[in-house]
Each structure stands twice: as C-alpha cells, then as structure tokens.
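Peer 1: Below: one structure in structure tokens.
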C-alpha cells in the first residue's frame with residue numbers, strides 16, 4: 001500500500017521575516033489559497049487516503065501541522081526531538097509504516113514545494129510504484145529537467161543512453177550545488193537533472209540500505225521500533241533520536257548504493273526556496289515588479305514586494321530590491337544578494353533578537 005511521508009521540519013530561513021521558526025514557509029500561503037503543506041496533502045488526493053499520510057516535523061511545529069492538516073491522524077504526526085537531517089527522518093517514518101503495513105511503499109516528499117498539475121503528479125507516482133512492483137529492491141527518484149543553470153539545487157547525472165520505456169534512467173552520480181560555470185555545463189550536457197527530493201521505495205528496502213551503509217542509525221531505529229505503541233515510545237525517542245548521526249539520505253544511502261532508478265518529472269516543480277520564487281509563481285507588472293499586498297510606486301522596477309492588505313508599501317526610484325513587510329519586521333535587500341539573508345538571520349540571533357526569529 002502507498003503511504004505519503006511529508007518531511008516538514010524546516011525553518012525556511014530564506015523567507016524571513018515572513019517565515020519564522022514557529023511558522024516556517026510550509027505553513028504559509030505563497031500561491032493559491034492553501035498553504036504549501038496543505039497543497040502537498042491535496043495533490044496526493046484521492047490516491048492516498050488521509051489515514052496513510054505521515055508527517056515528520058518537530059515539537060515547535062507539530063501543533064500547527066495538526067491544525068492545518070486535521071484529516072491526518074494525530075498519531076501520524078511524528079515529532080523529532082531535534083533535527084538530524086533526512087536519513088534519520090525517513091528512517092523514523094519507515095519503522096512506523098512497517099509497524100502497520102509490512103508491504104508499505106513510501107512516497108517521500110518535502111512539505112514546501114509547488115507542483116502542478118496534481119493529476120500528472122499522481123500519475124508519475126503510480127509509474128514509480130509500478131517500477132517498485134517490478135523490482136522491490138529499487139529506489140526510485142524524480143529528477144527535474146533544468147530550465148536554467150541553477151546554483152541552488154543538487155543535480156543527478158544519468159547514465160548516457162540508459163533510458164528505457166519500463167525502467168526509467170540509471171543514475172551515474174549525484175552532484176552538490178554547483179557554481180555558475182559548472183551549472184551551465186550541466187545544463188548543456190543534457191545528462192543532468194535537478195534533484196527535487198521526491199523518492200519512492202518500500203519501507204523495508206530503505207531500512208535495509210540504512211543497515212548496510214549507516215548501521216549505527218539503523219540499530220537505533222530498530223531499538224525504537226520495539227517501543228512503537230507502548231508507553232515507552234516518547235522517552236525512547238527522546239533518548240535515541242538525538243544520538244543518531246545527522247546525515248542526508250543522499251549522502252547516507254543514495255550516493256553509495258545501486259539499483260537506483262531516475263524518472264524525469266513530468267510535472268512542473270518549484271522548490272520555493274527563496275523570495276525569487278514569487279517571480280515565478282505570480283505575474284509581474286509592466287515594470288517587472290512582483291507585487292503582493294498594497295503598493296504604490298514611482299520609478300520602481302524589477303522589485304519583489306510583499307506587504308499586507310492594510311499596510312501601504314510606497315517606493316520611489318528603486319530597482320531590483322526585495323521588500324517584505326510584516327507586522328513586526330521589515331526586510332529590504334538587493335535582489336542580487338538574497339543568500340545573505342542567512343547571515344542576517346544569524347546576526348539577529350547573535351544580537352539577542354530571538355523574538356523576531
């Protein structure tokens with residue numbers, strides 16, 4: 001049976017000040033009328049029942065997750081005691097699935113992506129599940145054909161001439177986020193895809209791979225599995241999970257194993273990783289501005305402006321800025337130095353301004 005596993009523990013730093021630790025970007029409505037995590041749930045309907053959804057988050061965000069996704073059983077909202085990257089996160093979900101369904105197939109996805117159309121996404125998941133049914137030891141990944149030389153994504157390289165009608169593409173290598181020149185080479189070669197972080201595999205298979213490549217993580221997961229459904233679960237999780245190695249599923253397993261199948265994503269995908277995503281998700285005015293909220297401007301071009309309905313943002317003679325207004329913080333930055341927001345957030349933390357984080 002298919003189970004959806006939504007990874008929802010991120011902080012969305014690059015969407016500050018709208019995104020905060022207690023209300024990160026997956027809970028925000030950046031496109032349409034539903035939040036990103038609600039849209040993630042919606043696009044799997046009706047193929048995956050609400051009872052087959054699992055969300056891995058943290059204690060700070062768990063209550064908001066429950067409020068935004070009341071359809072999902074409360075016991076299926078798994079709270080990590082601390083962040084340990086995606087390998088322990090996925091392993092935690094896998095042991096819970098196996099406790100209910102020994103044949104469970106996991107459809108693993110981040111909570112904060114924009115994907116359309118939903119029916120094409122569901123058809124693609126069905127194709128991936130079919131590949132698992134043919135070979136239960138397969139790990140299936142989705143790759144997005146790059147439309148520009150992005151430096152903010154990891155890349156998956158396919159084996160040349162390996163594509164078939166039934167088995168997708170074999171993976172040659174995984175590459176870290178490249179510099180601009182390398183990214184251009186990747187796009188020109190036509191062998192590389194963006195790694196969109198959507199995976200399909202059997203729960204037992206990914207646990208077997210963790211046992212092979214990260215045995216210490218696997219051992220602690222197995223100890224935790226014996227406590228599922230008992231009064232000892234919470235204390236065991238609080239004790240065992242922080243002791244697990246913090247490592248991504250890519251580094252921990254995917255870059256070290258074989259029998260990986262890459263499917264080219266037939267759907268439109270955006271990871272909504274930064275304020276620049278609003279330019280892709282919303283129309284621009286004649287001056288190339290992306291405006292959300294109340295704004296009036298003269299001589300304003302190429303700006304991303306996100307305000308409130310009852311608060312006017314007025315601009316005069318500016319270009320290529322990111323301007324974000326919230327009730328307690330206003331952010332202004334060059335559109336060409338957006339990654340510096342991480343440094344700014346860290347400076348706020350070091351300066352004792354935690355109330356704004």
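Peer 1: Using alpha-carbon positions, what is the distance between the centroids of segment 162-234 and segment 334-357, in Å?
Peer 2: For segment 162-234 versus segment 334-357, the Cα centre distance is 31 Å.
Peer 1: If you don't mind, another one. Report the full-extension gain for the segment residue 137 to residue 233: residue separation times 0.36 nm, less the Cα-Cα distance, to one decimal in nm.
Peer 2: Length gained between residue 137 and residue 233: 31.6 nm.
Peer 1: Taking the Cβ-Cβ separation of residue 301 and residue 118 as r and a Förster radius of 30 Å, what is the calculated FRET efficiency to the nearest 0.05?
Peer 2: Once the sixth-power term is evaluated, E becomes 0.30.
Peer 1: Once the piece of chain linking residue 350 and residue 255 is laid out straight, how much longer is it, given 0.36 nm per residue of separation minus the C-alpha distance between them?
Peer 2: 30.6 nm is the gain from fully extending residue 350 to residue 255.
Peer 1: Sort all Cα-Cα distances of segment 89-179 into consecutive 5 angstrom bins from zero, then give the percent of pairs in each bin up to the one containing the longest distance.
Peer 2: 2, 10, 17, 20, 23, 17, 8, 2, 1
Peer 1: Please give the length that would be gained between residue 1 and residue 336 if that part of the chain were fully extended, namely 0.36 nm times their separation in residues minus their C-alpha to C-alpha distance (nm, one decimal).
Peer 2: 116.0 nm
Peer 1: To make sure I understand, if each residue's beta carbon is the centre and we count other beta carbons within 10 Å, what order do 353, 276 fall in, fewest to most?
Peer 2: 353, 276
Peer 1: With a 10 Å cut-off between alpha carbons and a GNM built on the chain, which of 347, 61, 52 moves the most?
Peer 2: Looking only at 347, 61, 52, the largest GNM fluctuation is found for 347.
Peer 1: Most mobile of 320, 285, 126 per a Gaussian network model of the chain (Cα springs, under 10 Å)?
Peer 2: Residue with maximal mean-square fluctuation among 320, 285, 126: 285.
Peer 1: Hey, in the GNM for the chain with a 10 angstrom Cα cutoff, which one of 148, 186, 123 fluctuates hardest?
Peer 2: Comparing 148, 186, 123 in the GNM, the peak value goes to 148.
Peer 1: Which of the peptides 42-50, 200-208, 287-295 is most tightly packed, and how do the rest follow, going by the mean number of other Cβ atoms within 10 Å of each residue?
Peer 2: Ranking, from highest mean packing down: 200-208, 287-295, 42-50.
Peer 1: Can you tell me the order of 241-247, 259-265 when each peptide is scored by its average per-residue count of other Cβ atoms within 10 angstrom, highest first?
Peer 2: 259-265, 241-247
Peer 1: A further question follows. Let a ≥ b ≥ c be the square roots of the eigenvalues of the Cα gyration tensor of segment 277-356; is it rounded (a/c under 1.5), or, if not, prolate (a/b larger than b/c) or oblate?
Peer 2: Verdict is prolate for segment 277-356.
Peer 1: Also, quick follow-up: Tell me which label goes with the value of percent of Cα pairs over 38 Å apart computed from the coordinates here: (1) 26; (2) 14; (3) 19.
Peer 2: Checked against the structure: label (3).
Only the coordinates and a few stated rules stand behind these numbers; no lab work does. Remember, predicted model here, so these are calculated numbers, not experimental data. Note: ideal-geometry Cβ built from the backbone for every residue, glycine included; neighbour counts use all protein chains shown.
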